[in-house]
Each structure stands twice: as C-alpha cells, then as structure tokens.
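Laboratory data are not the source of any read-out in this text; all were calculated from the coordinates shown. A quick note: this is a predicted structure, and the numbers were derived from the prediction, not measured. A quick note on method: Cβ atoms are made from the backbone with ideal geometry, for glycine too, and the neighbour counts reach across all protein chains shown.
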C-alpha cells in the first residue's frame, strides 16, 4: 500500500507541473492580454503553482508590460501632442470666460476623471488659485440615489442637468466608448452648450463622433488606453496651468 501511494503521489506531482494547454491544444500557454508581455501562462492556485513561476518569468512579464506601455506613450508623444494642445486651448478659452471643467467615467476611467479634476482644482506644478473643476464620480450619495431612482445610465447626465452650463467643458472618459451613462452625459452636454472632450480607445469611433473632439488611443488594451489617457491628461493640465498662470 505504501509503495502504491508513493507512486500515485509522484504521478500527481508530475501532472501538477505540466505546461498548461491553450484552446488549440498545441501544449503552449496562451500569451497574456499584454500582447505576450506576461508570458506567465494561465493562473493556478496552490503552493505548487506558485513554485512554477520563477522570478525571471515575473521580470520578463514586467519588462514586457513596461515596454508595451513605453511604446504606446512614445506614439502618443509623436502623433497626439497637437491634439493635447488643442484640448488645452479649448479648456483655457472657456475657463477664462467663467466656465468650469466637469469630468466623468466608470471604474478606472472614474479614477482618471477624479485625478484630472484634482490636478486642476488643487495644483499641478504651481501654487495658484484653484480652477473650477469637478468630477461627477465622487459623491456616493448622488450616484447611488440617481442610480436607484432613475437607473445607472443617468448617474452623470442628472448631475450635468443640475451643474452644467453653456460655456463649460466636459471631459468624458470611456476606454471602450460604449458606456451608456457616459454617452448619455455627452448627449445632454452637447444639447446644453457644453464643449465635450472625449477620451477613448481604438474601438470608440462611434463615441468619438458624438464629442466635439476626442482622443482615440491607438490600442484595444484597456490598461494601455488608461495609461495613455492619464499621460495626455497630465500634459493638458500642464498646458492649462501655464497658459492661465504663467510659469515654466
């Protein structure tokens, strides 16, 4: 009995360390969503699975992810600097006339919306007066009340109905370009006379057509799109602050 148990244990131990097979059955692990940057295969559970992945594999995955991000950001610098300059110009023009900046988005894009609103209403580089900028994602009572009473598709548009005025600017973030609540906010903003600047990815061409101007990041990878959004958003904050308050 002991000999048989040992053999069974060795057999199961070997099977636990076999390479995961992909859907085509060729014995190779699928590449990660980072365009093969991860190379770590399908995630497993337990101590044996943890021992399978070496620090070298982690390093390779990190290097691939960072290289992919760097390549996309270089593309943004090469081809989208003029877009960022135009977006900053539109914002500065309206801010100088008493308009404000309104931001919205879901999930990671909600974080981007809050981030940009904070850079403008607080400081970016300069110690200066605050600029009027708000994110529609930061009041849980408003978001949950509107979602409960009207539906989640209305959580941003209802706030724009109360806060938005002609001459404001809406920064609308949607990596897919298909978020119903962002699309509804964009539609109402345009009808109200609010200038809409969209941020999306390569799949958001329909969304882009609904905006006054839109950043179409040339990627379908959600993390890379979000990294490009915040990088361009920071460039815009720098330009807006410098145009209004001077400095470097």
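Below are the figures for this structure:
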| read-out | value |
| --- | --- |
| Förster radius 30 Å - calculated FRET efficiency between residue 242 and residue 190, Cβ distance, rounded to 0.05 | 0.55 |
| Label-point separation in nm, residue 63 to residue 89, each point 7 Å along Cα→Cβ | 4.3 |
| Least to most buried among 165, 242 (fewest other Cβ within 10 Å first) | 165, 242 |
| Cα gyration tensor, segment 184-248 - rounded (a/c under 1.5), prolate or oblate | oblate |
| Packing-based exposure ordering (other Cβ within 10 Å, fewest first) of 91, 213 | 213, 91 |
| Tensor-based shape of segment 146-194 (alpha-carbon gyration tensor, a/c under 1.5 rounded, otherwise prolate or oblate) | oblate |
| For segment 80-245, the fraction of alpha-carbon pairs in successive 10 Å shells from zero, as % | 11, 44, 36, 9, 0 |
| Packing-based exposure ordering (other Cβ within 10 Å, fewest first) of 59, 100 | 59, 100 |
| Computed P(r) (all Cα pairs; segment 90-146; 5 Å bins; percent) | 4, 19, 23, 24, 16, 9, 4, 0 |
